[in-house]
Every structure is written in C-alpha cells, then in structure tokens.
1. Can you bin chain A into rounded, prolate or oblate? Criterion: square roots of the alpha carbon gyration tensor eigenvalues sorted a ≥ b ≥ c, rounded for a/c under 1.5, prolate for a/b above b/c, oblate for the rest.
2. How far is helix C:57-87 tilted off the main Cα axis of chain C, in degrees rounded to 10, range 0 to 90?
3. What FRET efficiency do you get for residue D:20 and residue D:572 if R0 is 41 Å and r is their Cβ-Cβ distance, rounded to the nearest 0.05?
4. Over 5 Å intervals from 0, what percent of Cα-Cα pairs in segment D:306-437 sits in each interval?
5. Enumerate the whole-percent occupancy of each 5 Å bin, from 0 to the last occupied one, for all C-alpha pair distances of segment B:131-176.
6. Compute the acute angle (0 to 90°) between the alpha-carbon long axis of helix A:391-404 and the principal axis of greatest extent of the alpha-carbon atoms of chain A; round to the nearest 10°.
7. For every helix of n ≥ 4 consecutive DSSP H residues, a contribution of -39,500 (n - 2.57) applies; sum these over the protein assembly as shown, divide by its total residues, and give [θ] at 222 nm rounded to the nearest 500 deg cm²/dmol.
8. Round to a whole angstrom and tell me the spacing of the C-alpha centers of segment A:132-161 and segment B:127-153.
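Values quoted throughout were computed directly from the atomic coordinates according to the rules given, and no laboratory measurement underlies them. Everything numeric in this text was worked out from a predicted model, so none of it was measured. In this analysis, Cβ positions are derived from the backbone assuming ideal geometry, glycine residues included, and neighbour counts consider all displayed protein chains.
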C-alpha cells in the first residue's frame, strides 16, 4: 500500500481515476465529461505540487519507490519510480500543460468527447511515467504507452490528412524505439538489472557504450526531433487537434531530450563525449534549417512546427555542451519551449476555431479586429524569439554561453546564435502576416476577440513566461545539484576518453 | 488372416468409402449422411480398441447430435448445392490431392520404418474383467474427474462460450 | 490382434481425405464436415495409442476433442448462418476480404 | 539615495503596466497624464542620483537589486551602475523623454484623429513608457546581460512604435515592413553583442562591468589575447552599428521615420540610437586595449557621417532629411569615441539629443500645421486633388515663415545648432570632435569637415524649402500654429539647444580652477578624458564652412521655386549624381539583391526542395519501399482462406517429410 499511495505513484496514476470515472459516464454529457477530466488533471497538478514540496534540492533520486514487478528467469523488472532535479520540472510542466490543453478543447472538440478525454488522461499517465521511471523496462513501457493515445488523438480528431500524419508519427517513433528496446534488453541481461541508478553506479565499458549510445540516441533523436529525422513533426502538428499539438510540442518532444539527458549522458558518458561534436553539428543544422524552413511556410501551424525543430536544436546544443551551463540552459529551455510553443499552438488554435484556416495569406490586420489576441500573441512570439526579459532568452543565452566553451567547437555556438536572428525573422514575419496591415480579407472583419476562457488559458502561461524571464533562479536552483553531479560525471568521462 | 483383420479391412473400406463419398457428393445432404456412416464405422474401431464409452459418445454426440445440427442448418439455409461453378483458385484440387497422397505416403513410410514392435499389435487383455474395465465409463469417469478435473471444468466454460457465441452470431441485427 | 500401425494408417488416410475436402470444396458446410472428419481421424489415433500404451488419458483427450468440436460446430454453424444472411451464399469463394 | 535608482526604471514600468492593462478604462486624458507623470518621476529620480553622486564625490556606486542568473560559475545580477556616465545618460533620456511625453500629449491627440483610430491613443503611451524603462535599464545596467535586456527592449519598443500605424504606409504594409526591418537589422547587431558577451565571459570570467574593468587593468595580453580583445571590440562595434545606425547597418533608420514624430524625436534621434555610443564609451577600457578596433570604429563613424550627409542633401521628405542627418551626427559621435574622445562624443550626444529632438518635434509641428492647413484649405477651396499630397514633402511647403510664430523660431534655432553656428550648442560639441580628429587623425578630420559642410548645407536647404519662398500648396498656405502643449516642450528644447554649449564651458574661475571643462570633469570620473587646448583654426574653419554652406544653400534655394513640380536646383548643379543621392546610393536595392532575395530564395529552397523534396521524400520513400515490398508479397494473398490452408498443409507435409528424411 505504501507503493500505491506514495507521492510519485499518485502523481503518475491519478489520471487513471479520471479515466475510470469517464468510462462510467454517458458520452452525451459533454460538459460534465470535460469537467471530470479537467478536475482530474488539476488534482494531478496539485499532486505534482505536493511532490515539489516534498522535493529537496539535492543530487540523486528522491521520493523513490521500488517494488518487484515481474521476474522471468534472469529478466527481472521493477516498478521503480524516483524524481531528481532533472525530471522534477518536466513532471510539473506536464501536469501544468495538460489541464490547459484539456480546457482548450472545451469548444474545439465536440466529437467523441469521452474517448478524447480518456486518451488525453492516458497520455498524461504515460508522459509522467516516462519522466519518473527508473527501471529501463518500466521506462520503455511508459515510452511506448505515450504513443498510442497520441496516435488516436491525431488519427481520430485530426485534420484532413490525419491518417497519413498519424501513421507517419507512429512509424517514425516506433521504428526508433525498437533499437532502444534491443539495447535495454541487452543491458538488463548483461548486467542482471534494469535499474537505472544501479547501472549508472556500475559504469559501462567504453566499447559497449558506443553502440548502446547510438541505439538510444536514434530513439530519442526521432522524438526530439533532431535534423534530419524531423519530417514527421510538421505533418503531425498540422493534422493534430490544438490540444494535441500543445501536448505534442509541449511535452512529447521533451521525452526525447529528457531521454538524451537521462540515458545518453547519464548512462553512457564516454560515448556522449565522443559523439558530442557530431550531435552538436546536427543541433546547429537543426537550428538554422528549422528557422529557414519555418520562414517559408504558408501555414501558421506548420511555421510553428518547424520553429520547434529550431528551438529543440538549441536544447540539443546545450545538452551536448556537456557542461553545467549548457545542461541547465537546455533543461530550462525545455520548459521554456513547452510554455512558449504550447502558447503558440493555442494561439493558432484560437484563430483556427474562428476562421477554419491557418493560411497566412488569409489573414492580415487582425490587430485591429482582435487587439487582445494580438497583444498576447506578440508577447508569446517575442518569448519564442528570445527577447531578453522573457523566458526564451534566459534559456538560449545560457545554452549558447555553455556551448561556447562546451565539448563542441565555439563556432557551433556562433552559428547557433545566427538562429536568434532568424527566429526574429520568421516570428515577426508571422506577426506581420497575421496582425499587421489593413484588414484585407472581409472574412476577418467581424472576428470576435478572445473570450475570457481563452484569455484564462493563456494567462498562466504568460505569467510563467515573464517569471522565468525575469527571475529564473528558483528553476535553476531546483536542477543545479543534479546537473552538477551529471556534469562532474561527464568531465570524468572526458578525462577517461582523452 | 484372422476374423478381426477381415472385419478391420471391411470396416476400413467402408470408412474410407464413406469419407470419399462425403468428399465427392455434390449435395450437402448426401455428404452429411456419408459422414454419419463414417462416424458410425469409426465408433466400431473405438470398440475394437477397448473404448466402449468413447464409442457410445461418438455415436450419440457426433453421429447423432452434431450431424443432425449440420443437416438442420443445411435444410434451414436451403444450401444443398452451390449455384455457380468455381472460377477462382486454379490448381487447387490437383495440388491438394497431390499433397494428400504425399502425406499418406510419408505416413506410410514412417509406419513402415517404425522400430520393430513399437507399432505392433498391443498385447491382448489377460481377463475379460480387465478387458471390460479398460475404457469403461467408470474408468474413464475416474480419470476425467481425478486427473483432468480442471480441464473438464474449463470445457464447460468453452461450451458456454460456444453457446453464447452461437446466440450472438445468429441474432438478427434488424430486431435490435 | 490388429497392429496399431493399421489404425494409424487408416487415420492418416481419413485425415488426408478430410484435408482434401477442406481444401477443394467451396461449400462452407462441407468444408466444415471435412474438418470434423479430420478431428475424428485424430480421435482414432488417440484411442489407438491409448490402447497401445494402456493409458486412459488418450480416451479422455478424445472426450475433450469432442467437446471442442461440439463448441466449434455451434459457433461455426452460427457463423455460416450469419454469413449466409449477409451474402446469400455459403460459397467460400465469395469470402475474399483477406486479400492484401 | 542611491538605493532609489531602481525607481528610475520602476516608475516608467509602472506607467507601462497601468496603461497596458487599464489604458482603455482610464481614458485618453488620464492615460497620457499617467505616462507623463511616470516619465517625470523617472527624471526626478535621475536628478536625485546626480545629487547622490555629488554627495559621494562622484565616485561610482553599484546598487544590486536582485539575483538573476547563477548557473555553475556564471553569475549576473539585476544591479545598477550609478556613475557620472550613466547618470548623464539617465538625465538626458528621462529629461528629453519627459519633454517628448508632454509634446506627445498634444501631438498624438491630433495624430490619432488624423489616422482615424482615437482608441489607440493610450497605446502610444504604453509603448513610450516601456521604451523609457528599457532605455533606463540599458544605461543603468552594471553588466552586459542587463544592458542587453535594455538593448533589445528599446529595439522592441522601436519596432512597436515604428509600426504604431501598422496598417498605414505603402500598400498598407509599409510601416509594418519598416518596423520589421528595424528589428531584424538590429538583431544582426545584437548578434555581434551576443558573441562579444560569450567571448568576454570565457576570456575574463565575468560580465559585470566593474569586475571586468578591474581585471582588465591587470591583464597582460599575449598575441591570442590581443586577437580576442580585438574580436570582442569589433563585435561590440557590430552591435553599435546596428543600434546607432552606422554603416553598414544604418538602413533601418530612414524607414523608421514611419513612426509618429515624437517617436522619431525620442527614439530615433535623441536616445535609443545613441546607445551604441554609450556602450562603446562604457567599454572604453576594452577598446583602449584594441587600437586596431579603435581605428575601425573611427573610420566607420567618419564614413557614415559623410555618406549619410550626401544622401540628406537630396531628400524631399522633411523627416527623412532629419533621419539622414541623425545618422550623420551619430557618425560624428562614433568617430569621436573611435578617436578616444569619449567626452567629446558624449557631449555631442547630449547636445544632439537637444537639438535633434527639437528639430524632429518642430518638424512634427510643421507637419501637423500643414495637415490642418490642408483640411482647412480643402474645405475653403473645395479642391481635393491637391490636398492628397504627402504632408511631409518639403516640395509642397514653403512660405511658412510668419504662419508658425513659435515653431519657426525654434526650428531655426535647432537648424543652426545642427549646422554648427556659434554660440549654439552644436558648435561647441562638434568643434570638440573636429578638434580631436585634427589632433589625432587628419584624414578623419577632413572627412568630418566635409560632413559638417554638408550638414550646414542641407539644413539651410530645409529651412529655405520649408519656411521661405511662396507656399507651394493650399495646405501650406493655410497652415496654422500648434497648441501650447506642443510648443512648450519646443521652447524648452530650444533653450537647451541654444545654451547647451554651456555644459562643457571652460570653468572660468567659477569653481576655482580654470582650464577645466564642466562636462569633461564630470565624466572624467567614469572615462579618461584628455583636455585639448582651444584651437582657433578648427573653430574658425568649421564656422566659416558652416556659413559658406548656408550661403550656398541660399544661392540655390533662396529664390524659391514657384511650384512643387519644379526641378530641384541642386539637380541642375550635380546632374546625374543627384539621382544617386536621391535614391540613397541604391543601398536598399543592393541589400535586397545581396541579402534579402538570396535569403528568401534559400528559405523557399530549403522548404520545398530540401525539406519536402529531400528529407521528407527520403523517409517517405523508405516507407513506400516497405509498402511496395508488401504489395509484391500481397499478390500471393488472394484472400481465399482455402488457398492459405493449402499453403499451410504444404508446410505441414514439408515438415513431416523433413523429419522423415532427417531421420
């Protein structure tokens, strides 16, 4: 019973309570269904705050619970959860974004509401589980578990080409994780345990690290997505419903970067040192390429989707700087991207609900028609473009500062800094096409401004955007001990390699 | 040639003939009747092999209940004969026959090469009591309810599921 | 006494005829009957071995096979009825939904 | 008293927040008043800081406010550096800012009416207050990162204010495009600043000014170190060229005139664009270690001064002339700091803030006067055809002297101050720069002299075209003077422009020791300042040249043209060269050809050919390959269960046969 009612188990599993309740409700009571789901998600957020309260700023895993799960011969997996400075913020981000995403579907989703909400809550279980799992098998189960609800969210509630996009999303991510599964099984059978802390403590020989690193990296790189494995992302985003996009960009992509930190850096430090320049190059290409391609898009959502490729390039660059600055910057940037891009997708969703199109050529002059919408959008765009004083800048600056002296060449950081210029180009272009100029399209003339509900969705995000921009220290403090330990481990590995 | 062997070959010819009859009959009703004949002869073999209980079950359940069900369905659907001749799957009959012959040949080879005595005639029963006890309802029942009581219970579930399945599948959608 | 191999050979022949029926006939009901024939030939093998090794388990298994066959017939015939309702035919050639 | 310094930012910030959230509820009058009060309060705080500094013997003080970033060994805080340099800037920014706020109260009321959206009035003050806050963060910062916050913050405000009438301009998009151009070009400069910060941190281990300069005092540079410091300073210069509109990044500033006139005065003349000069001055210790960079700085400044001056002589838009003049004057300041004459640069920065703000504001007054005249004249004469000309086009003005009793005089003072006539402020500050150039680098001196000549010439041209001769449109003929709320700040600025030279007057006995200069001594607590003796040749030359340029302008434009369509007399004089000047040396077109078009093409190429055609196609083809293999195999799948069973049977027989054979 301790396991069942421990903090981490409840944070992970509480959405299931909502799922059960939803199962027993009738599909026609749409509002009631939404309230149940929203309340569940909010309680889960409350539970994660409880977790934060119990969390102490120290290295190592905390609030650990462990109980045998199943055992077949040498193959013994545990139900093993724990949280540390690296995962705590990501869990909070997840539980924070899910209620917002659910609330954003209030009017947008009218079809099979019950099933939609169930899929969403199941997705939350999977995502939180990924961040908390310390057993490799458990991790893999949660990892794949996130795939199915998202597949349905895209494939059932998506846009016109939803089947194509859903299949592409599924095949891409699944193909990658197969390699990870092989690596996990190999690890467990060779070392007699799937427990991450034990594997980390034992340390692996350099030779095996290399191919294990690659197997894990492929799975995570597709999820991030690292260039050139990104082409599922725009399609998935464009076809996914707004709430799905919010979660996809906000949390699901972080599963990949989180995996990089937790496994590729934590478990295979020597291989990480060796591959750092290589992944650094891919990250920089991703930054510039994502920005360039983003600028050429005609569809607002696609533009935002490609901007994710660029932004996550920054995260990858920070991670493979392999020093505390880069790592902390990258971890913070994960949160930032979740907030900013989540907000961006909400914004695109709002206009889509009004106009049922996202083509930039259809808009123009919306600032006049929808001043509140324009003002909030401007703040979010600028946050995404890395304006100092807002959250994006803190992350990007820390990453670039770290990357300048990281294991990659300083030129990487310099090239990546060009991405900051390009971010301004494509985001201001988006703002220009949507909000500035005269109202040329008569269909836009009478659009209603944001409702209170819509503003209320954005306000929590905006508060965090400004908070992190002005006073990010509490966030850095939370992750500092864990990151320092990781960085120390990495520099020891670097010495071993050189 | 003992009288047993004569009887065996006689019955075997009937059994095979009935099976071939089932196979070749155009009319499904005829097929079903041929099959009943086959089942009945096989019941005789069961008797030879010291399995009177099984033989009885064979006649009552198989030849009786199940085949009646078949006949019933054939009559119900009025599907004694198919209307149009087959146009698809060329080579299917000759290939099948060829493979069946290969199969029988292989089995024959196998039996012919089986070690001496391993497939020879089993020893006869010492006493009439022993002959009567082996395969009697009592003996089978004891084995069934002692060694195989759990599988036996599970079969009841299987039958229940089969029953429900039949009911569900044949329910008329329009009457919902 | 009759050698066990005779029974086995007979069983093999009956099985082969059953297979031929399944593979060549298009009438679903006859296919079904052929399946019963195959099951029955297997039963014969079971009983023959039971006698050979003086072990009643073989006979018990025949009993189980019959139960399975009964359940199968019930469901299978129900399926045929259902298919006949929708297709007005029990020809297996009209059931090619599995085509890739 | 130093602890009050955060208020210098917090007052405008509070004004910004109040107007941003409640501007509509407050209503236009109260929103404007609130903004003015916020700006005024900031100015008062700046004055308090001056007093505090005086009480502290002008020694610099750092005022920490809050923790900001502490990651590993890296640490920066929100903290203010209060020294004579930053307080000078604060006073100028908050002071001129307050005056322009007051001016905007009246100007914007008319502007929003004219542009047809009175509801946007509070929004202007939202931006203006945010700008003040950002600018004061910039000048008050005690570290590079905080400076960068202000740096990009003012860039944002500039973007918002240029695009204030985002639905106006060419094709309804001109203003928005200008705003975007300004932000993006500035970002290119910011890129330099960002890289400079990385280099500074990894070389010297700190981004805090005081710590950095402390470390620089003891540092011994080897060859690599020298290279790095040169790189740092050049990157800082890139930042400065972006913000201070120098070659090659000046192109955004002329377009930025799309913003309302108070914005042009405050941001694009008096304060924001001088941030680059301030930044270089702030980092004079770094620059002192990199003589080559100093040389580059000086030459960029001088080249910009001359280049922009040549363009200014051929412009017809009243604000564009002033915009190019601003670029030119900023070039003077950059040249000054490049020569190590930081005090001269700052001095010119201050006086320029006065007289250029004055010129822009009075130009705004002229524009609105003409607009009013157009409305009236149109009503009188009933002719609408002529009323549709651009109210900023000097060709349609003329003959305004006497119609605008206050504006005409203040404009004249501003123009003469800019032209550099003694005893106006511009003379002293410009003379100081010329003197430094004369002493240190004669080549630059002569370039600057040429630029100064052009300055006087185009100001003369502007004066004559706007105020003298015959009115060349009904609008000009019916122009009327602006209200007091507009003219009062003009008068104050005119006084400052007139007497601003006194700021750096030799202190004859007043404080006891002669030969020293007021501003120089004040700033010497922050930057090194060398006192050069008065040079009669330089002063005389610049005065004579200014007068000559004004005379030339009178010769050409004194007999005013009769109609707007007349050929510009200068065109007759210069021939085809005039076309080049009028079209701004085709730099915009060149950049379009060299940067914008290739970028767009590249972007389209990346999106279509590379992404959809390359990456996506590759992976889709992989998928298609699997599908094709499957489809090939599927041909064996006829869909008939019997065939499947046959294959199964085949397998069973094969297995059986295998066992037989294997036995």
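1. It comes out oblate by the Cα gyration axes.
2. So the helix axis and the longest Cα principal axis differ by about 10 degrees.
3. The formula returns an efficiency of 0.20 here.
4. Pair shares across the bins are 2, 11, 17, 19, 17, 12, 9, 6, 4, 2, 1, 0.
5. 5, 19, 14, 13, 12, 11, 8, 7, 5, 4, 1, 0
6. 40
7. Calculated at 222 nm, the ellipticity per residue is -23500 deg cm²/dmol.
8. A separation of 54 Å, based on Cα centres.
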